[in-house]
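Beneath this line is the structure, given in structure tokens, with notes to follow.
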Amino acid sequence: MSEEFDYLVIGAGPGGYVSAIRAAQLGLKAAIIEREHFGGICLNWGCIPTKALLRSAEVLEFHHHAANYGVKSSGATADLPAMVKRSRDIAKQLNQGVQHLLKKNKVPSFMGAAKLVSKHEVQVTDKAGKTQHLRAKNIVIATGARARILPGMEPDGGQIMSYREAMVAEKIPSHLVVVGTGAIGVEFASFYRALGAEVTLVEMLDRILPAEDAEIAAMAAKSFEKRGMNIRNKAKVSGVKKSPQGLEIMIETKGKQEIIKASHLLSAVGVVANIEDIGLEALSIATETGCIKVNAQCQTNIPNIYAIGDVTKGPWLAHKASHEGVIAAEHASGGHPHELEKLRIPGCTYANPQIASIGHHEESAKAAGYEIRVGRFPFMGNGKALALGEAEGMVKTIFDKKTGELLGAHMIGAEVTELIQGFAVAIGLETTEEELMNIVFPHPTLSEMMHESVLSAYGRAIHI
Amino acid sequence: MANPERVKASPLARRIAKTNGLDLSQINGSGPNGRIIKRDVEQAKAPPQQKPTAAIQHGAQTTTQPEIMPLDGMRKTIAARLTEAKQTVPHFYLTIDCRLDDLLTARKNMNAHLDGVKISVNDFIIKAMALALRDVPDANAQWGGDHILKLKQSDVAVAVAIEGGLFTPVIRAAESKGLKEISAEMKALAGLARDRKLTPDQYEGGSTSISNLGMFGVKNFQAVINPPQATILAVGGGEERLIPINGQAVVANMMTVTLSCDHRVVDGALGAQLLHAFKHYIETPVALAL
């Protein structure tokens, strides 16, 4: 029988590799199994490479708007293959970085597809079909998720794409129809719009960015339209006709049929957990609506088997997965990790403009029975924003009227994804409006808008 | 201005406590290093329903290597307080046998009239100790360093074993409570103890403690005093014994108890008086109702 590990992680995404390293730090004999890429989707096909592409788009847009800043620039054009190469190079660099980190922490890696064969045993099959068995006291399922595929919109390697194909496209689409307007959908929409593609967003619900605060989502919609995107809300794709000349996409909006002619379709209708072929059934590991069921310590119904990240219930975010990875490792080593509070997980969307949020939005706070105070501050009133040439956007804060608890914060505009963490710390430490008002925010920064938004909730904003 | 001991609490917890008139020093903090957070104050505002015991730890265990178990807060408290007690409190011990037959009959009759709550022998012991302290008020006291603090009611703490340690929740003014009330309160406190949800006002202070190991077949033992209390009663299991009565061997249900006393507060004769009063109530359960 092969050697036995204390802690064996299946999947080396942002949940799995962090979990394995944390376990190793705690003195557990940890190992990790990966079937494809170290760093998972996040690092290879998600968070990081899309940020690289969006940065390219931003640089291009700077050039287009250079005259606004008193800079003469002409002839800037998009070189998509070069953009994709840069994005892939960064992914590769980070992928190697993860392998280095695992090595540094003495976590051995096994390449291959993993399948649970018992409570303490995993079978790993490598690409050549060779199998080996690994034994462990604790096993962590961190197999992640993949793009949801709707019938009729299966990625075909050409005209119909998922995020994976959209990330390595060879040609800028002449007209891209994006189905689904969550973070993935609007980020690619922003990218290809910046590169000159005609873009149509199709959303089944009554507004784009349905997980965000309604007011912020409405501002995003207005801004996207100003940038030339088309938006169809309450719309369903009822059929897609493919021909060598392009796609005819049938869209049903409030009972009315419309045919949109497009070169490409990006399906971004969410993700599904990778729960198949990993041996869940044999061990009767409980699932719920397609995800593995876990308790606050990330244990499945089999106590020595943990599940973390996208293979469990959402939000489907890398930082949520990493955090759960730490919780599972600490629990398995006999500690008492703190519970992850889902309302304290910030979310970021890197469209143009950026969107960032944490906690309750206005509707959900009211639905939860809070009487609220809402603060708003526009980018227009912030000196640094004007200096940057970024006068579009808003910082919105929501407080519990009774206790002064910061229930949520929602932002749209330049660099807000870097600002939201300030409010995440505030919420995590349970500050009230009083401390936030008393904190000194440096001038001139975009962060001053966070201060002003808090002041505004209590009728004390200065610069508006 | 005095410099009160700093209570670690989040600003939000402070505000909710202030609006609801809660004393933060009476609230257990569940945040990092015992910091009181919103959840703790909300819980103190509305004590939660009893929940099933939290999932058992499933840590990784190596096979033959000794394992280092980090100390949790409870273990640290037990270690510090009992070391202090055994090293600084001059203990002495008094042992006495009590006949249980009348108590067992009384208990059977009472329970026949009750549905739901069942009064346990331990509930009788709590009540008997509370009345004994009332009858011997000099023994209802705590050592205060340069004074003795005489208590005016019988706050009886009861040791409750939980996973990884124990708690001693206190039944306050147990002398004035009925058996049924004591029984219900004990059940609720034991449940909270097992869920580690006791608040300091539910376990701090007290006149005396009761530690009962009878259910484990222990016949007699000596317990360590739980400061600042001056006594603790160690209760062994009830069993049938042959005892001589008027020259005849009679089968009787007997229980042996040992009272540990802090000699600074309770001298031998006083301790004996207290123990005698306790025995009286156990053997004459009808007096418990008076």
For this session: Return yes or no: is B:Arg81 out of contact with any strand residue (DSSP E or B) (no Cβ under 8 Å at 6 or more places or on another chain) and under 20 Å from B:Val257 (Cα atoms)?
Result: no
For this session: Please go through the stretch B:70-124 and pick out each residue that is assigned to a helix (DSSP H, G or I), among the hydroxyl-bearing types (Ser, Thr, Tyr) and closer than 19 Å to B:Ala234 by Cα.
Result: B:Thr83
For this session: Could you check, for the stretch A:324-336, whether at least one of its residues is modelled with pLDDT of 95 or more, away from chain B (no Cβ under 14 Å) and under 15 Å from the mean Cα position of the chain (by Cα)?
Result: no
Problem set entry | Which numbered condition A:Ala67 fails, given (1) buried (at least 23 other Cβ atoms within 10 Å of the Cβ); (2) of a type in the set (A, V, I, L, M, F, W, C); (3) free of Cβ contacts under 8 Å to residues at least 60 places away in the same chain | (1)
For this session: Mind counting the residues in the stretch A:199-214 that are in contact with a Phe, Trp or Tyr (Cβ under 9 Å, 6 or more places away or on another chain) and not in a loop (DSSP other than H, G, I, E, B)?
Result: 2
For this session: Being small (Gly, Ala, Ser) and within 15 Å of A:Phe188 (Cα to Cα) is the filter here, so list the residues in the stretch A:30-77 that pass it.
Result: A:Gly46, A:Ala52, A:Ser56, A:Ala57
Exercise. Failed condition for A:Glu430, given (1) within 14 Å of chain B (Cβ to nearest Cβ); (2) part of a helix (DSSP H, G or I), with all others met?
Worked result: (2)
Exercise. What do you reckon, is B:Val160 modelled with pLDDT of 95 or more and either surrounded by fewer than 24 Cβ atoms within 10 Å (Cβ to Cβ) or not assigned by TED's automatic domain parsing to the domain that holds B:Val89 (or both)?
Worked result: no
Seminar exercise, completed: If we keep only residues of the stretch A:15-27 that are assigned to a loop (DSSP other than H, G, I, E, B) and touching a helix residue (DSSP H, G or I) at 6+ places or on another chain (Cβ under 7 Å), then the residue farthest from the other protein chains (Cβ to nearest Cβ) is A:Gly15
Exercise. Given the stretch A:56-172, what strands (runs of 3 or more DSSP E) lie entirely inside it while holding 1 or more residues that are farther than 20 Å from A:Phe38 by Cβ and within 14 Å of chain B (Cβ to nearest Cβ)?
Worked result: A:131-141
Seminar exercise, completed: Pairing a residue in the stretch A:320-335 that is hydrophobic (A, V, I, L, M, F, W, C) with any residue that is in a helix (DSSP H, G or I) and buried (at least 24 other Cβ atoms within 10 Å of the Cβ), where Cβ atoms lie under 7 Å and the two sit 6 or more apart in sequence or on different chains, gives A:Ala321/A:Gly309; A:Ala321/A:Asp310; A:Val326/A:Val18; A:Val326/A:Ser19; A:Ala328/A:Ser19; A:Ala329/A:Ser19; A:Ala329/A:Ala23; A:Ala332/A:Ala23
Exercise. Which members of the stretch A:422-460 meet the condition of being free of Cβ contacts under 8 Å to residues at least 24 places away in the same chain and acidic (Asp, Glu)?
Worked result: A:Glu435
Seminar exercise, completed: Expected single match for surrounded by fewer than 15 Cβ atoms within 10 Å (Cβ to Cβ) and under 30 Å from A:Phe377 (Cβ atoms) among A:Gly228, A:Gly255 is A:Gly228
Exercise. In the stretch B:261-274, what count of residues is obtained for those that are touching a Cys at 6+ places or on another chain (Cβ under 9 Å), of a type in the set (A, V, I, L, M, F, W, C) and crowded, with 19+ Cβ neighbours inside 10 Å?
Worked result: 1
For this session: Give the residue that is farthest from the other protein chains (Cβ to nearest Cβ), with candidates limited to residues of the stretch A:285-323 that are among the hydroxyl-bearing types (Ser, Thr, Tyr) and farther than 14 Å from A:Ile141 by Cβ.
Result: A:Thr289
Problem set entry | Residue match in the stretch B:194-204 (condition: modelled with pLDDT under 95, of a type in the set (A, V, I, L, M) and assigned by TED's automatic domain parsing to the domain that holds B:His280) | yes
Seminar exercise, completed: Matching residues in the stretch A:337-359 (more than 14 Å from every other protein chain (Cβ to nearest Cβ) and modelled with pLDDT of 95 or more) number 14
Exercise. Has the stretch B:50-60 got any residue that is outside any helix (DSSP H, G or I), at pLDDT 80 or above, closer than 26 Å to B:Gly191 by Cα and more than 9 Å from chain A (Cβ to nearest Cβ)?
Worked result: no
Exercise. Limited to the stretch B:201-222, what total is found for residues that are in contact (Cβ under 8 Å) with a residue 40 or more places away in the chain, crowded, with 16+ Cβ neighbours inside 10 Å and under 13 Å from the mean Cα position of the chain (by Cα)?
Worked result: 8
Problem set entry | Residue in the stretch A:11-31 that is more than 26 Å from A:Gly334 (Cα to Cα) and either surrounded by 18 or more Cβ atoms within 10 Å (Cβ to Cβ) or touching a strand residue (DSSP E or B) at 6+ places or on another chain (Cβ under 9 Å) (or both) present | no
Problem set entry | Number of positions in the stretch A:379-424 that are in a helix (DSSP H, G or I) and within 12 Å of chain B (Cβ to nearest Cβ) | 0
Problem set entry | Filter result for the condition that a residue is of a type in the set (Ser, Thr, Tyr), in contact with a strand residue (DSSP E or B) (Cβ under 8 Å, 6 or more places away or on another chain) and over 30 Å from A:His63 (Cβ atoms), over A:Thr200, A:Thr143, A:Thr181 | A:Thr143
Exercise. How many residues does the stretch B:1-49 contain that are part of a loop (DSSP other than H, G, I, E, B), modelled with pLDDT of 75 or more and either more than 30 Å from A:Ile302 (Cα to Cα) or of a type in the set (Lys, Arg) (or both)?
Worked result: 13
For this session: Filter the stretch A:334-372 down to residues that are part of a loop (DSSP other than H, G, I, E, B) and among the polar types (S, T, N, Q) and give me whichever is surrounded by the most Cβ atoms within 10 Å (Cβ to Cβ).
Result: A:Gln354
Seminar exercise, completed: Expected output for the stretch A:248-276 (first residue at positive phi, partner surrounded by 13 or more Cβ atoms within 10 Å (Cβ to Cβ) and assigned to a loop (DSSP other than H, G, I, E, B), Cβ below 7 Å, 6+ apart or cross-chain) is A:Lys254/A:Lys234; A:Gly270/A:Arg148; A:Gly270/A:Gly180; A:Gly270/A:Gly182
For this session: Answer yes if at least one residue in the stretch A:373-384 is touching a residue at least 24 places away in the same chain (Cβ under 8 Å), more than 21 Å from A:Thr417 (Cβ to Cβ) and either surrounded by 14 or more Cβ atoms within 10 Å (Cβ to Cβ) or not small (Gly, Ala, Ser) (or both), and no otherwise.
Result: yes
Problem set entry | Of all residues making up the stretch A:1-48, the number that are of a type in the set (Asp, Glu), under 30 Å from A:Ala268 (Cβ atoms) and in contact (Cβ under 8 Å) with a residue 60 or more places away in the chain | 1
Problem set entry | Filter pass, B:Glu185 being more than 27 Å from B:Gln222 (Cβ to Cβ) and either without any contact (Cβ under 8 Å) to a residue 40 or more places away in the chain or of a type in the set (D, E, K, R) (or both) | yes
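The values are calculated or read from the model by the stated rules, or taken from the named source; none is laboratory data. Everything numeric here is computed off the predicted structure, so don't read it as measured data. Glycine also receives a Cβ, built like all others from the backbone with ideal geometry; neighbour counts cover every protein chain displayed.
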